[in-house]
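In what follows, a structure is listed as C-alpha cells, so that the remarks can point back to it.
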Amino acid sequence: MSTLSPEDKKILEESIRDIPDFPKEGIVFKDITTLLNNNQALKTLMNHLEERYKTYNLDYVAGIDARGFIFGSILADRLNIGFVPVRKKGKLPYTTVAEKYALEYGTDEVEVHIDAFPKENARVLLIDDLIATGGTAKAAASLIGKVGANCVEACFILELDFLKGRDGIDCDVYSVLHID
C-alpha cells in the first residue's frame, strides 16, 4: 500500500486554493480546480492513487457526482477497469436505484443504474474529492451494496476531520489529505 511522501503531500496541499466565505460567511472552501489545472499536482495525486489501488483487485471505480467523476475516471483508466457514475437524482437515463441522505436543510438523493456493476459481487472503490459530513458518501456506499456489488473502500482527496464524516460509512475509508 502506497503512502504519500512529505514532498508529494506538500505539492498537493500547495495546489489547493482556499476561498474564504464561500458558499457562505465563515466557511473556507477548499477549491480543487487549482489542483486539476496543475499538471504536477494532478500527476502526483493520480500516481499515488494508482500505486495504492493497483493491488486491490478492483473491478470498478465509482465516482460521486461531479468531482468524483474526474478522479474516478482517470483512476479507472489507469487501473484498466470500468468507471461507474453515482449521480444526483434524475440524471441517469436508465432504471435506477436511489438513496436519500440528509442535508443541513432537507434531503437529497443519489442514484446508480440497476445494472451499474455487471460483474457478480464486483469489488468497487468509491471516490470523491472531499468528505465533510459524509451524507453523500454514506448514501453512495449503500447504493453500491443495493445493486449487488461490494464497496471495498471509500477514497477522498480531502477529509474535514472535525466533521467526522467517515463515521457510519460501511467500508474502509482512505483520505489523501486531512484538514483538522
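Side notes on the structure shown:
- Only one of the numbered conditions (1) under 30 Å from residue 148 (Cβ atoms); (2) basic (Lys, Arg); (3) touching a strand residue (DSSP E or B) at 6+ places or on another chain (Cβ under 7 Å) is not met by residue 17, and that is (1).
- Residues in the range 104-123 that are surrounded by fewer than 21 Cβ atoms within 10 Å (Cβ to Cβ) and outside any loop (DSSP other than H, G, I, E, B): 106, 107, 108, 109, 113, 123.
- Qualifying residue in the range 62-85 (condition: charged (D, E, K, R), closer than 20 Å to residue 171 by Cα, under 18 Å from the mean Cα position of the chain (by Cα) and not in a loop (DSSP other than H, G, I, E, B)): no
- Residues within the range 124-180 that are in a strand (DSSP E or B), in contact with a Cys (Cβ under 7 Å, 6 or more places away or on another chain) and more than 15 Å from residue 53 (Cα to Cα), tallied: 0
- Looking only at the range 23-37, and only at residues there that are surrounded by 10 or more Cβ atoms within 10 Å (Cβ to Cβ), free of Cβ contacts under 8 Å to residues at least 24 places away in the same chain and within 15 Å of residue 132 (Cα to Cα), the one that is nearest to the chain's Cα centre (by Cα): 31
- Residue in the range 158-174 that is of a type outside the set (Phe, Trp, Tyr), crowded, with 19+ Cβ neighbours inside 10 Å, out of contact with any helix residue (DSSP H, G or I) (no Cβ under 8 Å at 6 or more places or on another chain) and farther than 25 Å from residue 33 by Cα present: no
- Within the range 26-40, considering residues that are at pLDDT below 95 and in a loop (DSSP other than H, G, I, E, B), the one farthest from residue 160 (Cα to Cα): 26
- Given (1) under 16 Å from residue 144 (Cβ atoms); (2) surrounded by fewer than 21 Cβ atoms within 10 Å (Cβ to Cβ), number of the condition residue 40 does not satisfy: (1)
The values are calculated or read from the model by the stated rules, or taken from the named source; none is laboratory data. Quick caveat, the model's predicted, so the values are computed rather than measured. Please note: Cβ atoms are built from the backbone with ideal geometry, for glycine as well, and neighbour counts cover all protein chains shown.
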